[in-house]
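The values are calculated or read from the model by the stated rules, or taken from the named source; none is laboratory data. Values in this document were obtained by computation on a predicted structure and should not be read as measured data. For neighbour counting, all protein chains shown are included, and Cβ atoms are generated from backbone atoms with ideal geometry for every residue, glycine included. Just the protein is used for accessible areas: all its heavy atoms, side chains included, with ligands, DNA and RNA removed. Shrake-Rupley method; radii C 1.70, N 1.55, O 1.52, S 1.80 Å.
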Amino acid sequence: MAALPKRIVKETERLSKEPVPGISAVPHDDNLRYFDVTIDGPSQSPYEGGLFRLELFLPDDYPMTPPKVRFLTKIYHPNIDRLGRICLDVLKSNWSPALQIRTILLSIQALLGAPNPDDPLANDVAQAWKEDQSKAIETAKQWTAQHAARPTA
Amino acid sequence: MDSEDDFNSSQMSEDDFAQDSDVEIDEGKDAESARSSSCDASDTWTVDSDFDDDVGFESQDKDIKPNKHAYEVDFNVFEPSQIQASQHKQIAEVSSILVQPPEATAILLRHMRWNKERLIDQYMEKPEETLESAGLGQDAATNPPKITKIQGFCCDICCEDGPELDTFAMRCGHRFCVDCYRQYLYTKIKDEGEAARIRCPGDKCNRVVDSKSLDLLVGDDLHDRYQELLTRTYVDDKEKLRWCPAPNCVYAVECAVKDRELPRVVPTVHCDCGHYFCFGCSLNDHQPAPCSLVKRWLKKCEDDSETANWISANTKECPKCHSTIEKNGGCNHMTCRKCRNEFCWMCMGLWSEHGTSWYNCNRFEEKSGSEARDAQAKSRQSLERYLHYYNRYANHEQSAKLDKDIYLKTEKKMQQLQSSTGMSWIEVQYLDTASHALQQCRQTLKWTYAFAYYLARNNLTEIFEDNQKDLEMAVENLSEMFEKPIDQLQGLKVDMMDKTAYCNKRRIILLNDTAENLKQGNWEFNVALS
Ligand SMILES: [Zn+2]
Ligand SMILES: [Zn+2]
Ligand SMILES: [Zn+2]
Ligand SMILES: [Zn+2]
Ligand SMILES: [Zn+2]
Ligand SMILES: [Zn+2]
């Protein structure tokens, strides 16, 4: 495997030395471009109390192209589809090579706190969200309790 | 269905023929030369003429096309270098009005999608905001972009540092090392096909990379691709320009017909590559039918044609929900799969009214049955009406292919004849011309049937139908000649040329009539033209 670019080495170092509160990202030993990620559901959101697992992969042309990120934990959210794919502008057209893994993960955390049914990826969820928001929030809470429960230590 | 005409129109040179040949082809020749002049108009276009200017190109065409037919529209064909030149010309012009350097003007124009009036207005009113929104910020003119080394700099993209590192930033100040900047532009242009609106690599920065900066950073290979993409965006942004849809064709066609005019005009244009297409919808030439009818018709054919024949013979519609039901046994007791309605196949009446005489329907007079039969008859009728037009439409499409096959075979034989008898190339060109006329007339005829399907009867329809009949007869007469044995063909040359000319003439008459009445809104259609 080709040597890891300096940029990725530095980012990884910083992620472990100065972790972002509520977020962890740990590279695999055998593939330093592949990260196991967890994000705490933000407080005051239907995802509060949940622990969400994601996978993050840095493609060869990173940081010219954005990292590939996907939810592994099932989540009821208008901007995240059944396969865990995320609709977030900074992961697509608004990606800048000056952005980093940590900024992307922060944006995802923010997205959990502020669902945007007007720019949906999961159409059925977005529809439900628009028609009856309190019911949709209730469903999101149920899913959080059911799928994103923290492992009892 | 297969309504896609092949791009057979790499049209041999019937224009050349009309000019080179000394044979008189009365009206037919008129038509040819009128059309060829409208095609040749592009040749007279020079870099100096601003083809963006409404007035400019109308007056320009006036002298070139003395007798344009009612069904013809003005258009010009441009090759890539001309498109580029016209961009440069407009940039230079606007640049002097705004007193901004050409690079910045180019960005502004692209930002405004080449609407120069809007740009000038907006700039005159709020110059700062206009520059800002295009990503230009202040004083774009003063410092030209340059590559520099900066003490203590660390690149945010690659994390490299050191005093020898070449760096670059636009006026927004987002500085990165040159390698990263270069790779970024490479990714945008090569992989993502972006050009006109590439933004600074800095996060949330809206500044657009100008062509001076680009020149400084990228090599020639990328530069060509960049120019190509800019031209592509330019044509896409311009309402009056469209790419020729023929495969691998690099020309763009300019035509002033706007979308809202499409219910009144069918703007067929002829690209220099030989392809005839509709400027309104980019489909193959579909005169005399307006774009919206064509769209409707193709959709209908797609939905109906394959099954329509079979349906008409083997099925009926459920009298209650109108879904189609196939009878596949001898029993007349039908149950609709969709709405569970039970009815009698014979009389279409409710099965419950049949009592116990299940296999012997004698309830033909029952009210529920007679109403259902009326509805059925009506829907049958509309299906039959559709099939009437569809079969003729499809027939011409099919025949055009057969005609072409025969022609190709004939051409081969003619070549043999040519080498054995020493006949000149020009002497056998009449076959070429005839074949081409046949293709074009069939194409027109084909669409007259779609047109007729949506046409509501008024006192004009009879004239239309007569024209259609005349063209059809002319076409079949010419088509027959191709079936003659090869040794007779040469003797039929004059006859064939006459018939070719007559076909062309009938086509022009029909197209002129339909186009004129369309323009004046004299046709009534049984659907709305959108
Ligand atoms: Zn910037
Ligand atoms: Zn760098
Ligand atoms: Zn073309
Ligand atoms: Zn059209
Ligand atoms: Zn039914
Ligand atoms: Zn019956």
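Tabulated data
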read-out: Elements of type helices (runs of 4 or more DSSP H) in the range B:170-265, at least 2 residues being within 12 Å of chain A (Cβ to nearest Cβ) and open to solvent by 30 Å² or more (accessible area, probe 1.4 Å); value: B:178-186
read-out: Residue count for the range A:48-68, restricted to those that are open to solvent by 20 Å² or more (accessible area, probe 1.4 Å) and either within 14 Å of chain B (Cβ to nearest Cβ) or out of contact with any Pro (no Cβ under 9 Å at 6 or more places or on another chain) (or both); value: 7
read-out: The listed residue being at pLDDT 70 or above, more than 16 Å from ligand 6 (Cβ to nearest atom) and either among the small types (G, A, S) or in the same structural domain as B:K446 (by TED's automatic domain parsing) (or both), out of B:Q381, B:Q429; value: B:Q429
read-out: Among (1) within 13 Å of ligand 2 (Cβ to nearest atom); (2) touching an Asp or Glu at 6+ places or on another chain (Cβ under 9 Å); (3) open to solvent by 40 Å² or more (accessible area, probe 1.4 Å) - the single one B:D161 does not satisfy; value: (2)
read-out: Close pairs (6 angstrom Cβ cut-off, 6 or more residues apart or separate chains): within 14 Å of chain A (Cβ to nearest Cβ) in the range B:144-167, in a loop (DSSP other than H, G, I, E, B) anywhere; value: B:D156/A:A98; B:I157/A:P63; B:I157/A:P97; B:T167/B:I150; B:T167/B:F153; B:T167/B:R175
read-out: Listing of helices (runs of 4 or more DSSP H) fully contained in the range B:426-511 that carry 2 or more residues being surrounded by fewer than 22 Cβ atoms within 10 Å (Cβ to Cβ) and without any contact (Cβ under 8 Å) to a residue 40 or more places away in the chain; value: B:461-481, B:486-489
read-out: Matching residues, the range B:324-340, being modelled with pLDDT under 75, within 21 Å of B:A377 (Cβ to Cβ) and assigned to a loop (DSSP other than H, G, I, E, B); value: B:K327, B:N332
read-out: Qualifying residues in the range A:94-114 (those that are of a type in the set (A, V, I, L, M) and open to solvent by 30 Å² or more (accessible area, probe 1.4 Å)) - the one farthest from the other protein chains (Cβ to nearest Cβ); value: A:A114
read-out: Test result for A:G84, at positive phi and open to solvent by less than 70 Å² (accessible area, probe 1.4 Å); value: yes
read-out: Answer from A:D118, A:D89, A:D60 - the residue that is among the acidic types (D, E), closer than 26 Å to B:C155 by Cα and at pLDDT below 90; value: A:D89
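Residues are listed down the side, and each one gets a yes or a no for (1) without any contact (Cβ under 8 Å) to a residue 60 or more places away in the chain; (2) outside any strand (DSSP E or B):
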position: A:P21; (1), (2): yes, yes
position: A:S24; (1), (2): yes, no
position: A:I39; (1), (2): no, no
position: A:E55; (1), (2): yes, no
position: A:R82; (1), (2): yes, yes
